[in-house]
Amino acid sequence: MAVDRPDRRVFLKRGAALAGGLTLGAVEPVIREATASGQEVPMAKGQSQEIPDYSSDELIAYGERARFVTSVREPVNGRPSPDEFGLVFHVGSPLQDQVGAITPSALHYIGTTRGSFVPDIDPAQHRLMIHGLVDRELIFTMEELKRMPSVTRLHFIECAGNRASPQRKTLIESHGMTSCAEWTGVLLSTLLEEAGVQEAGKWIVAEGVEEVKGASSLPIEKAMEDMIVAYAMNGEDIRPQQGYPLRLVVPGFEGILSVKWLRRIKVVDEFYMTYNDYGHLRREADDAALSYQIGPKSVITFPSGEQQLPGTGFYEVRGLAWSGTGAVSRVEVSTDGGDTWFDADLRGEPQPMAHTAFSFNWTWDGSECMLMSRCIDSIGSIQPTREEVREFWGIAEGERFSVKGQDNSIQPWRVASDGSVTNGLA
Amino acid sequence: MGSLKTLLVLMLLGASSVLAQSPTFGLGRTPTAEEVRVWDISISPTGAELPEGQGTAEEGALVYRRQCARCHGRDGTEGRAPRLVKYDRDGDVHPWNLGRILGIRSPYATAVWDYINRGMPLNREGTLEPDEVYQLTALMLYWNDIIEEDEVMDAQSLPMVEMPNEHAWAPLPDYAPGQPRLPGYPY
């Protein structure tokens with residue numbers, strides 16, 4: 001069957017020419033693309049079959065995804081967002097649908113200090129103040145910050161609430177509070193060097209401008225190492241939910257420390273026990289040490305909890321791996337519950353404190369199996385199973401326990417013989 | 001001549017404001033003392049930044065009824081917002097095991113002040129006067145059997161209050177780039 005496929009560019013040009021004043025009567029016959037079977041393919045929203053609608057945001061100004069793609073964020077951790085007070089608290093990213101290492105900005109997980117209204121900040125009015133134990137207190141406009149030398153880096157941000165647990169059925173419930181974006185901004189060290197940190201300055205307090213003015217204490221060593229005062233993510237201005245117009249990115253550390261809507265950095269001499277510090281206080285030293293950074297971690301995103309394999313045969317098992325102390329150096333996958341491990345393929349060059357996508361070619365023979373992945377990071381730390389953590393701390397078998405600090409334990413997914421996928425811890 | 005002097009003064013002022021900018025990139029400016037004072041709401045454990053003002057729990061009870069009771073309940077235990085009190089606390093129970101009650105969990109009384117000052121009341125954050133924050137802080141401490149009802153809390157007395165959790169929290173470890181999270185922990 002002959003298929004008539006007119007050149008779209010020619011059509012658009014003609015359309016533009018027509019819109020420019022030629023007689024509309026000269027429009028060519030309606031353009032239709034046809035598949036080999038002869039099925040007509042309708043035009044997308046915002047497009048006209050005659051003259052393209054240039055007033056459509058969809059076509060020209062700001063593109064939307066296909067209406068058939070329905071993947072969305074969901075409130076997680078048992079509290080609705082917005083809650084009864086209208087506050088947004090924990091909203092997970094649909095990692096089960098994510099392809100590659102970068103989370104789309106519109107799907108980046110949201111976490112706020114205690115629940116927050118997303119502030120509506122005019123960047124022309126926004127300021128960043130650096131003060132405290134510095135030689136020169138400074139206040140910057142957004143325009144000035146954007147004139148400073150910048151960096152662009154991939155970093156994940158992850159909330160402390162993410163943990164593999166028997167209660168969590170789906171990936172978004174167990175791991176949805178981690179996301180990875182390409183962040184652009186000024187290194188905090190650049191700004192602190194301009195201000196001149198005094199000898200006594202050992203900590204910083206970073207504070208946002210939202211109604212609660214969420215604040216955290218952070219060590220000056222980390223501030224000088226790699227913190228970014230970021231104004232852009234994934235090629236555009238940071239989204240309001242992510243801290244527009246300015247946020248701190250603290251690579252590898254617990255997500256609450258990456259203060260959003262950043263307006264103030266105070267250099268101080270001690271841990272300040274400020275708002276977020278109090279909220280995340282730990283009783284035991286081991287727990288505190290392990291809660292600071294995210295350990296080596298990975299999770300299989302496909303197939304994952306509550307998904308259904310359509311039948312036996314080939315599947316590309318996909319997942320994400322990351323570490324708060326460096327780059328991913330290796331990811332291993334097991335299909336037999338951890339008895340044997342195979343190297344997964346890593347996508348691209350793993351970046352420090354960034355998600356790395358991995359894949360593993362797998363042919364499912366229809367028998368029940370347990371899929372697991374584990375991350376080995378650039379300082380040689382290995383992602384543990386819950387069992388390994390239990391044994392390390394000498395906890396009796398069968399005793400209920402939580403993984404100390406940030407839970408980086410392995411998430412097993414059980415594939416039943418009918419192809420249904422469920423949480424292997426349940 | 002006078003206008004030349006004025007011009008010289010202006011030039012000098014101009015030069016000093018250039019110096020006040022960041023030295024390498026010449027961007028930003030020096031905030032005024034008033035700008036720093038208004039924005040700096042961080043209260044350290046020493047209480048160095050506490051403003052003038054004072055209050056007792058007795059006074060705090062009146063402010064509480066007006067500003068807090070709607071969400072936290074009449075006595076701090078029965079609202080839909082977080083619980084604020086453990087009445088008749090058993091001295092044998094470790095304060096850590098009483099949950100996240102601000103007036104008990106907080107290792108410093110200054111942190112209670114900071115928390116109320118920056119975070120309360122919901123939707124009207126930042127509207128409490130320093131006296132009211134001292135009064136409410138005193139109420140939280142009195143309700144949880146830490147101070148007396150008529151004890152005056154101010155910039156001098158508040159940092160001196162000994163909290164039940166003062167020595168029961170784990171400081172964060174010294175951070176160094178590229179090091180394991182916990183020495184000896186392989187994971």
Practice problem: Inspect all residues belonging to segment A:331-353 and state whether any of them is over 29 Å from the mean Cα position of the chain (by Cα), without any contact (Cβ under 8 Å) to a residue 12 or more places away in the chain and either buried (at least 17 other Cβ atoms within 10 Å of the Cβ) or at negative phi (or both). | Solution: yes
Exercise. Take the residues in segment A:385-426 that are within 14 Å of chain B (Cβ to nearest Cβ) and within 22 Å of the chain's Cα centre (by Cα), then tell me which one is surrounded by the most Cβ atoms within 10 Å (Cβ to Cβ).
Key: A:408
Quiz item: What are the residues in segment A:235-261 that are under 17 Å from residue A:224 (Cα atoms) and not in a loop (DSSP other than H, G, I, E, B), if any?
Solution: A:247, A:248, A:249, A:253, A:257
Practice problem: Among the numbered conditions (1) under 30 Å from residue A:204 (Cα atoms); (2) in contact with a Leu (Cβ under 6 Å, 6 or more places away or on another chain); (3) away from chain B (no Cβ under 13 Å), tell me where residue A:166 comes up short. | Solution: (1)
Practice problem: May I ask you to verify whether residue A:195 is at pLDDT 95 or above and either surrounded by 20 or more Cβ atoms within 10 Å (Cβ to Cβ) or touching a strand residue (DSSP E or B) at 6+ places or on another chain (Cβ under 7 Å) (or both)? | Solution: yes
Practice problem: Provide a single number: the residues in segment A:286-313 that are touching a helix residue (DSSP H, G or I) at 6+ places or on another chain (Cβ under 9 Å), among the aliphatic types (A, V, I, L, M) and within 13 Å of chain B (Cβ to nearest Cβ). | Solution: 1
Quiz item: What are the residues in segment B:16-37 that are among the β-branched types (Val, Ile, Thr), under 20 Å from residue A:133 (Cβ atoms) and at pLDDT below 95, if any?
Solution: B:24
Quiz prompt | One residue from B:91, B:99, B:79 being without any contact (Cβ under 8 Å) to a residue 12 or more places away in the chain, surrounded by fewer than 17 Cβ atoms within 10 Å (Cβ to Cβ), farther than 18 Å from residue B:49 by Cβ and within 13 Å of chain A (Cβ to nearest Cβ) | solution = B:79
Self-check item: Breaking point among (1) more than 7 Å from chain A (Cβ to nearest Cβ); (2) at pLDDT 95 or above, for residue B:111
Solution: (1)
Exercise. Quick one: which strands (runs of 3 or more DSSP E) lie wholly within segment A:275-364 and hold at least 3 residues that are of a type in the set (S, T, N, Q)?
Key: A:356-364
Quiz item: So, of the residues in segment B:150-184 that are at the interface with another protein chain (Cβ under 7 Å from one of its Cβ atoms), surrounded by 15 or more Cβ atoms within 10 Å (Cβ to Cβ) and of a type outside the set (A, V, I, L, M), which turns out to be farthest from residue B:138 (Cα to Cα)?
Solution: B:180
Quiz item: Restricting attention to segment A:209-221, and to residues there that are in contact with a helix residue (DSSP H, G or I) (Cβ under 7 Å, 6 or more places away or on another chain) and modelled with pLDDT of 95 or more, which single residue is farthest from the other protein chains (Cβ to nearest Cβ)?
Solution: A:216
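Listed here are the residues, each with its yes/no results for (1) of a type in the set (A, V, I, L, M, F, W, C); (2) at pLDDT below 95.
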| residue | (1), (2) |
| --- | --- |
| A:239 | no, no |
| A:249 | yes, no |
| A:260 | no, no |
| A:276 | no, yes |
| A:282 | no, yes |
| A:292 | no, yes |
| A:297 | no, no |
Exercise. Having 2 or more residues that are of a type in the set (Gly, Ala, Ser) is the bar; report the strands (runs of 3 or more DSSP E) wholly within segment A:135-222 that clear it.
Key: A:178-187, A:203-208, A:215-219
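Here is a yes/no grid of residues against (1) out of contact with any His (no Cβ under 7 Å at 6 or more places or on another chain); (2) at pLDDT 95 or above; (3) assigned to a helix (DSSP H, G or I):
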residue	(1), (2), (3)
B:123	yes, no, no
B:126	yes, no, no
B:136	yes, yes, yes
B:141	yes, yes, yes
B:151	yes, yes, no
B:156	yes, yes, no
B:162	yes, yes, no
B:176	yes, no, no
B:185	yes, yes, no
Quiz item: Given A:224, A:148, which one is surrounded by fewer than 20 Cβ atoms within 10 Å (Cβ to Cβ), in contact (Cβ under 8 Å) with a residue 12 or more places away in the chain, touching a Ser or Thr at 6+ places or on another chain (Cβ under 8 Å) and at the interface with chain B (Cβ under 9 Å from one of its Cβ atoms)?
Solution: A:148
Quiz item: For segment A:337-376, how many residues meet the condition of being under 20 Å from residue A:171 (Cα atoms) and not hydrophobic (A, V, I, L, M, F, W, C)?
Solution: 8
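The values are calculated or read from the model by the stated rules, or taken from the named source; none is laboratory data. Quick caveat, the model's predicted, so the values are computed rather than measured. Cβ coordinates were reconstructed from backbone atoms using ideal geometry, including for glycine residues, and neighbour counts include every protein chain displayed.
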